[in-house]
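Colleague: Would you mind keeping the following structure in view while I ask a few things?
The values are calculated or read from the model by the stated rules, or taken from the named source; none is laboratory data. Worth saying up front: this structure is predicted, and the values here are computed from it rather than measured. Note that we place each Cβ from the backbone using ideal geometry, even for glycine, and neighbour counts take in every protein chain shown.
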Ligand code: PLP
């Protein structure tokens, strides 16, 4: 077999993630390797922690990045905070709520499912009812920004309900972090995870996570060992949150963490509010342009995510063929619909570095061309 170096073209990523990455973040990843316990690297990890606390708006000391993708961040929250027979209220309004349910079941938890239609936010009144009917529930879990549908749920109201009913909250912020308002301490979130590859515009494969004191207390008081050695936070804390000397837990993905440092620094320098507004502004511009092309958004304006737009495929259009043309002729990637939206919708992402003028202009021009 004649194999040569892999040299991909420069694609413009406007799907559900991974998103576009800035040249600075890509360059950061190619800097010289250092050991993962090198004092310089450990100092950089402290800065990542500070920058993540900023991004999450939290002072939680246990705030760090799992060395694996968003699904591992999800699993980190469940395996540490759900013990066998714990009752967990799981909200499902798309693919990722369903994945949360899988996690609860695999932890031996007893799931109480609150279901909403795909394309709708998690219903506050249904969750309130479930909490009233199950006063023994220990955890409430939901997805803040459902990437499969482009819907935002009211994380602040849901976490307030969890507190009122003495439940810990587990929040999926894979697509929300950096793209829409998210305030971990102010909203009383207990365990939250995100992904590096969405609105942070970093390389995929890292999952920022933060645990409140209540979450740490639950972990400390466990009667059983966490079933995953790698994700057991009582062990990981010695590496990421050690008060004294950092001790070896696993070999950190050194250069991917350089990239995360750079991506978080760029968010810090821009400012969270400015980033949220930038996503909202380009979403407005995209929406306007799509409507001029006769394309409709499928999610109600009241709960639309600016960073993930669910667009109805017009009658008679071969959606896969159109996406292939965008990729081949314009190097532009948009996403297909998932589940019940497969074949009926596209998902156009405006995440992080992709939420900028060049991308919106190109996307609208390319769509105009291929729809002719
Ligand atoms: N949760 C949400 C809302 C997501 O969008 C994704 C990925 O798209 C995940 C979890 C899983 O993340 P990963 O694919 O990085 O494992």
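Colleague: Within the range 188-215, take every residue that is surrounded by fewer than 21 Cβ atoms within 10 Å (Cβ to Cβ) and assigned to a helix (DSSP H, G or I) and give me the one that is nearest to the ligand (Cβ to nearest atom).
Modeller: If we take residues in the range 188-215 being surrounded by fewer than 21 Cβ atoms within 10 Å (Cβ to Cβ) and assigned to a helix (DSSP H, G or I), then 214 is nearest to the ligand (Cβ to nearest atom).
Colleague: Shifting gears a bit: Just need a number here: residues in the range 159-183 that are within 16 Å of the ligand (Cβ to nearest atom) and either surrounded by fewer than 24 Cβ atoms within 10 Å (Cβ to Cβ) or modelled with pLDDT under 95 (or both). Break it down stepwise before answering.
Modeller: Just the residues of the range 159-183 that are within 16 Å of the ligand (Cβ to nearest atom), to begin with: 169-180, 182.
Subsequent filtering for residues that are either surrounded by fewer than 24 Cβ atoms within 10 Å (Cβ to Cβ) or modelled with pLDDT under 95 (or both) retains 180.
So the count comes out to 1.
Colleague: A further question follows. In the range 96-117, which residues are touching a helix residue (DSSP H, G or I) at 6+ places or on another chain (Cβ under 7 Å) and within 13 Å of the ligand (Cβ to nearest atom)?
Modeller: Residues satisfying the conditions are 99, 100, 103.
Colleague: A further question on this structure: Scan the range 119-145 residue by residue and report those that are touching a helix residue (DSSP H, G or I) at 6+ places or on another chain (Cβ under 6 Å) and within 15 Å of the ligand (Cβ to nearest atom).
Modeller: Within the range 119-145, 121, 141, 142, 143, 144 qualify.
Colleague: Out of all the residues in the range 131-158, which are part of a helix (DSSP H, G or I) and farther than 22 Å from residue 280 by Cβ?
Modeller: 131, 132, 133
Colleague: Further question: Residue check: is residue 93 buried (at least 23 other Cβ atoms within 10 Å of the Cβ) and away from the ligand (no atom under 16 Å from the Cβ)?
Modeller: Spelling it out, it is not the case that residue 93 is buried (at least 23 other Cβ atoms within 10 Å of the Cβ) and away from the ligand (no atom under 16 Å from the Cβ).
Colleague: Please verify whether residue 150 is surrounded by fewer than 24 Cβ atoms within 10 Å (Cβ to Cβ) and within 16 Å of the ligand (Cβ to nearest atom), treating the condition exactly as stated.
Modeller: So residue 150 does not fit the description; no.
Colleague: Output the residues belonging to the range 229-244 that are in contact with a helix residue (DSSP H, G or I) (Cβ under 9 Å, 6 or more places away or on another chain) and surrounded by fewer than 17 Cβ atoms within 10 Å (Cβ to Cβ).
Modeller: Hits for the range 229-244 are 229, 230, 234.
Colleague: Pick out, from the range 284-372, the strands (runs of 3 or more DSSP E) lying fully within it that include 2 or more residues that are touching a residue at least 12 places away in the same chain (Cβ under 8 Å) and surrounded by fewer than 22 Cβ atoms within 10 Å (Cβ to Cβ).
Modeller: 332-336
Colleague: Of the conditions (1) over 17 Å from the mean Cα position of the chain (by Cα); (2) under 25 Å from residue 229 (Cα atoms); (3) surrounded by fewer than 19 Cβ atoms within 10 Å (Cβ to Cβ), residue 81 fails just one. Which one is it?
Modeller: (3)
Colleague: Take the range 85-123 and flag every residue that is in a helix (DSSP H, G or I) and under 21 Å from the mean Cα position of the chain (by Cα). Talk me through it step by step, then tell me what you get.
Modeller: Here is the first cut: in the range 85-123, the ones in a helix (DSSP H, G or I) are 95-106.
Once the filter is applied, which keeps residues that are in a helix (DSSP H, G or I) and under 21 Å from the mean Cα position of the chain (by Cα), the range 85-123 yields 95, 96, 97, 98, 99, 100, 101, 102, 103, 104.
Colleague: Do we find that residue 68 is within 16 Å of the ligand (Cβ to nearest atom), in a loop (DSSP other than H, G, I, E, B) and at pLDDT 95 or above in this structure?
Modeller: Working: within 16 Å of the ligand (Cβ to nearest atom): yes; in a loop (DSSP other than H, G, I, E, B): yes; at pLDDT 95 or above: yes.
Spelling it out, residue 68 is indeed within 16 Å of the ligand (Cβ to nearest atom), in a loop (DSSP other than H, G, I, E, B) and at pLDDT 95 or above.
Colleague: Determine the pairs where a residue that is on the phi > 0 side of the Ramachandran plot and in contact (Cβ under 8 Å) with a residue 60 or more places away in the chain, located within the range 2-22, has a partner that is surrounded by 10 or more Cβ atoms within 10 Å (Cβ to Cβ) and part of a loop (DSSP other than H, G, I, E, B) with Cβ atoms under 6 Å apart, the partner being 6 or more residues away or on another chain.
Modeller: Here the result reads 17/197; 17/198, each pair linking the range 2-22 to a residue that is surrounded by 10 or more Cβ atoms within 10 Å (Cβ to Cβ) and part of a loop (DSSP other than H, G, I, E, B).
Colleague: So the check is Cβ under 6 Å with 6+ separation or different chains; which pairs have a first residue in the range 29-46 that's outside any loop (DSSP other than H, G, I, E, B) and a second one that's surrounded by 11 or more Cβ atoms within 10 Å (Cβ to Cβ) and modelled with pLDDT of 95 or more?
Modeller: 40/34; 41/34; 44/261
Colleague: Check whether at least one residue in the range 71-80 is in contact with a strand residue (DSSP E or B) (Cβ under 9 Å, 6 or more places away or on another chain) and either away from the ligand (no atom under 16 Å from the Cβ) or part of a strand (DSSP E or B) (or both), and report yes or no.
Modeller: yes
Colleague: Could you please let me know if residue 128 is part of a helix (DSSP H, G or I), over 20 Å from the mean Cα position of the chain (by Cα) and modelled with pLDDT of 95 or more?
Modeller: Answer is yes for this residue.
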